[in-house]
Amino acid sequence: MWDEADLIADGFERVHIELDWYDGPRAGIADLNGEPHYFDSDDCTLGGALEEYRVWPASTDAVALELEQWAIYVGWNQRYLAGEVGVDTHPGHGGVDKRYDELTALLAPYRQIPANARKLRAEVRFDQSDHYRIGGTNVWFRWHPGTDLDSGA
């Protein structure tokens, strides 16, 4: 666990929203050069020092919708951790939360990986806060060039 000020000083950027987790962040929205970008990886080999992601800009509209859906998820997760609800009430199951379902449909086009998505590698660190919270996650990325030798990071 790292201190937020140290992470920023070391060039790490915040992961705002986590859309998928499998032994580490697989998809979501994170800053890249201070701007929100979607990231996605289907590489489940994990364990390397740097994970490879496809990365593309997230529009202001997409970020607003994602933050609204994230807030619904975080609220559910807090109730789940408190033992107030079961896993069967997870809003991602569909048919549980009408607005969550509407947002899933609205966000589908934004979440499609474009052909021009950059391939970057990310070094992952965690801060000392709660993993899931309205203000984001406790995950931070420091971006590095990916296999396509994109050096724009």
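The values are calculated or read from the model by the stated rules, or taken from the named source; none is laboratory data. Given the structure is predicted, the values throughout are model-derived calculations rather than measurements. Note that each Cβ is placed from the backbone with ideal geometry, even for glycine, and that neighbours are counted across all protein chains shown. Heavy atoms of the whole protein, side chains included, go into the accessibility calculation; ligands, DNA and RNA do not. Shrake-Rupley method; radii C 1.70, N 1.55, O 1.52, S 1.80 Å.
Could you state the angle between the C-alpha long axis of helix 60-81 and the longest principal axis of the C-alpha atoms of the chain, as a value from 0 to 90 degrees rounded to the nearest 10? Helix 60-81 sits roughly 60 degrees off the main axis of the chain.
Mind checking which of Ala58, Ala82, Ala117 has the largest fluctuation in a GNM of the chain, springs on alpha carbons under 10 Å? In the Gaussian network model the winner is Ala82.
Working from label points 7 Å from Cα in the Cα-to-Cβ sense, the Glu4 to Thr60 distance is 2.4 nm.
Listed values (i) 0.96; (ii) 0.94; (iii) 1.19 include one computed from this model; for Rg/Rh (Cα atoms, Kirkwood Rh) that value carries the label (i). Taking Asp61, Asp101, Asp127 as the candidate residues, the one with maximal mean-square fluctuation in a Gaussian network model of the chain, Cα springs under 10 Å, is Asp61. Using a probe radius of 1.4 angstrom, the carbon and sulfur fraction of the accessible surface of the chain is 52%.
Remark: relative contact order (the chain) = 29 percent; criterion is Cα-Cα distance under 8 angstrom and separation of 6 or more residues.
With each run of n ≥ 4 DSSP H residues scored as -39500 (n - 2.57), what mean residue ellipticity at 222 nm is computed for the chain after dividing by its residue count and rounding to the nearest 500 deg cm²/dmol? Spell out each step's value before the answer.
Working: 3 runs with 42 residues, N = 153.
Computed ellipticity for the chain at 222 nm equals -9000 deg cm²/dmol.
Between helix 98-111 and the chain, what is the angle of the helix's C-alpha long axis to the longest principal axis, kept within 0 to 90° and rounded to the nearest 10? That helix lies at roughly 20 degrees to the long axis. Per-residue extension of 0.36 nm, minus the Cα-Cα distance of His131 and Asp101, leaves a gain of 8.5 nm for this segment. Under a Gaussian network description of the chain, with springs only between Cα atoms under 10 Å, the residue in His16, His93, His37 that fluctuates furthest is His93.
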